[in-house]
Amino acid sequence: MSSARMHDPYAVLRIRDFRLYIVARLSITLAMQIQAVVVGWQIYDITKDPLSLGLIGLAEALPSIVVSLYAGYIADVVERKKIIILVITLLAICSAALLYFTLNVSRVLTDFGALPIYGVIFLSGIARGFMGPAVFSFMPQLVANKQLYANAITWSSTTWQAASLAGPAIGGLIYGFYGVTAAYATDAALVVLSLAAFSFIKNRPLPENANPQNMLDSLKSGIRFVFSNQIILSAISLDLFAVLFGGAVALLPVFAADILDMGPQALGFMRAAPALGFVLMAVIMAYRPISVNAGKKMLWCVAGFGVCIVLFGLSRNFWLSMGLLALSGAFDSISVIIRSTLIHTLTPEYMKGRVSSVNNIFVGSSNEIGAFESGFTARLMGTVPAVVFGGMMTLVVVGITALKADKLRTLDLNPAQEAV
C-alpha cells in the first residue's frame, strides 16, 4: 500500500482528549477574536486615532513578553493543565470586566475613556503570556504517538484559524446588529465553555527530565537551544519580522471606516478573511503534507504574504481587499504549519515550555508589537503608506533570510519528519 493511502488525515481526531482540546481551543480563540474586533472598534470609536489601535497591541504584548521566559520555565515544572485552567479563569474575569464596562450601571468608560479597556487588555496579556507555553507543551502530551505530531499541529492550527475566521465575523455582526454588550456577553460565554472543555481533559504528568536545573540555568538552556539551531531560529525570525512589518490587521478599523467607507460588519468580515485563506490551505495540507523543498516553499510563501499586504494597502475595492487578505492567510498557513512542526519535532519534550516561550517572544507577541508598529507608522506617514511600507519590508526580510539561512533554504521534510 502506498504511503499516500496509509496517511489518515483524521487520526488525532479519534483521540478523546484531543477532541476536547479542539473544542477548548476553538472556544477560547472565538472569544479572543470577538473581543479583538469589539475592542478595536470601540476604542477607535472613542478616540478616532489610529495610534490608539496600535496601543491595544502594545498593552497586550508588553506583559506577555515580560512574563514569557518565566512562563516557559513554569510550563516545564508545573503540570500544564493546572496552568491552563488558572489562566483561562483570569481571561474569564477580563471578559466579564469588559462586559461590565458596557452596562448602564457602570460609568467607567464615561469617566475614564478607553483607559480601563487598556487595563483589562494588559491583564489578559499576562494571562496569554502564561497560556502560550502551557498549551504548546500540553498539546503533544495528548498525542501518545509522535508520528501524529504533524497531523495534530495541522488540526490545531486549522481550529485556531477557523475560529479566527468565524470570530471576527461573529463579533462584527453581533456588535453591528445587537450592540457592544451582546458582543462581550458572547465573548465571556465562550471563555467559560473553553474552561469547561479543558477541565474534562485528563491530567498529564510532566515529562521526565534527565537533567533538572535551577530556574536561571533552565532558562539559559532553553535560549541556547533555540539560538544554536539555525533552522528553528531562522524560521521563527522570518515569521517575527514578516508579522511585525506585514501585519495590517490592527489598521483594519481605519480601512473599514475611512478608506472603504464600511461599518463594523465589514470589519468583522475583513478580520476573518485571512483566516479563511489559512483554513482552506490547512485542509489541503492535511491531505497533502509538504515534504520536498519545504524551506524554499516557506520562503516563497512569506514573500507572497508581503506582496498581498502591499496590494491590500493600495486597494480601494472591498472585494479585492477581501481576496488579498484571504490569499495572505493561505500563504501564512504554510509558513505556520512548517514552523510549528519543526519546533515540535526538534525540541525535547521536557524543554518545550522554555522553547515555546522563546518562540512566543519572537512570534506570539509580534502580532501585538506589529500592531503598535502599524499604528505608529500610520500616525507618521498615513495609513496606506504604512501598510505598503510594511509589505515591502517583509519582502526585504525574506531576501535576507534566503541569503543567510542556508539550512532553511535547503530544508526538506523527509517522510519521518513529515509524520511527526
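The values are calculated or read from the model by the stated rules, or taken from the named source; none is laboratory data. Since the model is a prediction, treat every value here as computed from it, not as a measurement. No Cβ is skipped: glycine too gets one built from the backbone with ideal geometry, and neighbour counts run over all protein chains shown. The protein model used for the area step is the full one, side chains on, heavy atoms only, and it has no ligands, DNA or RNA in it. Shrake-Rupley method; radii C 1.70, N 1.55, O 1.52, S 1.80 Å.
Confirm whether residue 77 is surrounded by 20 or more Cβ atoms within 10 Å (Cβ to Cβ) and out of contact with any Lys or Arg (no Cβ under 6 Å at 6 or more places or on another chain).
Taking the combined requirement at face value, the residue does not satisfy it.
Of the set (1) in contact (Cβ under 8 Å) with a residue 24 or more places away in the chain; (2) open to solvent by less than 20 Å² (accessible area, probe 1.4 Å), all apply to residue 256 but (1).
I'd like to check something: does segment 164-174 contain any residue that is over 20 Å from the mean Cα position of the chain (by Cα) and buried (at least 24 other Cβ atoms within 10 Å of the Cβ)? Yes: one or more hits.
Within segment 324-378, the residues that satisfy the criterion of being modelled with pLDDT of 75 or more, in contact with a Phe, Trp or Tyr (Cβ under 7 Å, 6 or more places away or on another chain) and of a type outside the set (Phe, Trp, Tyr) are 324, 325, 328, 329, 330, 332, 333, 377. Looking at (1) at pLDDT below 80; (2) over 30 Å from residue 343 (Cα atoms); (3) open to solvent by less than 60 Å² (accessible area, probe 1.4 Å), which one does residue 388 not meet, given that it meets all the others? So the condition that residue 388 fails would be (1).
Residues in segment 143-153 that are assigned to a helix (DSSP H, G or I) and either crowded, with 23+ Cβ neighbours inside 10 Å or free of Cβ contacts under 8 Å to residues at least 12 places away in the same chain (or both): 150, 151, 152, 153. Scanning for something within 20 Å of the chain's Cα centre (by Cα) and open to solvent by less than 40 Å² (accessible area, probe 1.4 Å), does segment 95-114 turn up at least one residue? Among the residues of segment 95-114, at least one is within 20 Å of the chain's Cα centre (by Cα) and open to solvent by less than 40 Å² (accessible area, probe 1.4 Å), which makes the answer yes.
Scanning segment 243-254 for residues that are modelled with pLDDT under 75 and assigned to a helix (DSSP H, G or I) returns 243, 244, 245, 246, 249, 250. Restricting attention to segment 304-351, the residues that are buried (at least 19 other Cβ atoms within 10 Å of the Cβ), more than 25 Å from residue 232 (Cα to Cα) and among the aromatic types (Phe, Trp, Tyr) add up to 1.
Taken over segment 287-329, residues that are in a helix (DSSP H, G or I) and either on the phi > 0 side of the Ramachandran plot or among the hydrophobic types (A, V, I, L, M, F, W, C) (or both) amount to 23.
Among the residues of segment 8-62, those identified as surrounded by 21 or more Cβ atoms within 10 Å (Cβ to Cβ) and of a type in the set (Ser, Thr, Tyr) are 21, 27, 29, 44. Being of a type in the set (S, T, N, Q) and out of contact with any Leu (no Cβ under 9 Å at 6 or more places or on another chain) holds for only one residue in 68, 124, 95, and it is 68.
Output the number of the condition that residue 65 fails; it satisfies all remaining conditions of (1) more than 30 Å from residue 380 (Cβ to Cβ); (2) within 18 Å of the chain's Cα centre (by Cα); (3) surrounded by fewer than 21 Cβ atoms within 10 Å (Cβ to Cβ). If we test residue 65 against (1) more than 30 Å from residue 380 (Cβ to Cβ); (2) within 18 Å of the chain's Cα centre (by Cα); (3) surrounded by fewer than 21 Cβ atoms within 10 Å (Cβ to Cβ), just (1) comes out false.
Of all residues in segment 111-128, those that are closer than 14 Å to residue 96 by Cβ have Cβ atoms under 6 Å from Cβ atoms of residues that are in a helix (DSSP H, G or I) and open to solvent by 40 Å² or more (accessible area, probe 1.4 Å), 6 or more apart or on another chain, in 127/90.
Of the residues screened, residue 89 is one that is at pLDDT 85 or above, open to solvent by 30 Å² or more (accessible area, probe 1.4 Å) and at negative phi. Does residue 284 satisfy the criteria of being within 21 Å of the chain's Cα centre (by Cα), among the β-branched types (Val, Ile, Thr) and open to solvent by 30 Å² or more (accessible area, probe 1.4 Å)? Against the criterion (within 21 Å of the chain's Cα centre (by Cα), among the β-branched types (Val, Ile, Thr) and open to solvent by 30 Å² or more (accessible area, probe 1.4 Å)), residue 284 qualifies.
Of everything in segment 118-142 that is of a type in the set (Gly, Ala, Ser) and open to solvent by 10 Å² or more (accessible area, probe 1.4 Å), the residue that is nearest to the chain's Cα centre (by Cα) is 132.
All conditions but one from (1) over 21 Å from the mean Cα position of the chain (by Cα); (2) at pLDDT 70 or above; (3) in a helix (DSSP H, G or I) apply to residue 238; the one that does not is (1). Scan segment 77-99 and report the pairs whose first residue is outside any helix (DSSP H, G or I) and whose second residue is surrounded by fewer than 18 Cβ atoms within 10 Å (Cβ to Cβ), with Cβ atoms within less than 9 Å and a gap of 6+ or a chain change. Going by the 9 Å Cβ cut-off, the qualifying pairs are 78/206; 79/203; 79/204; 79/205; 79/206.
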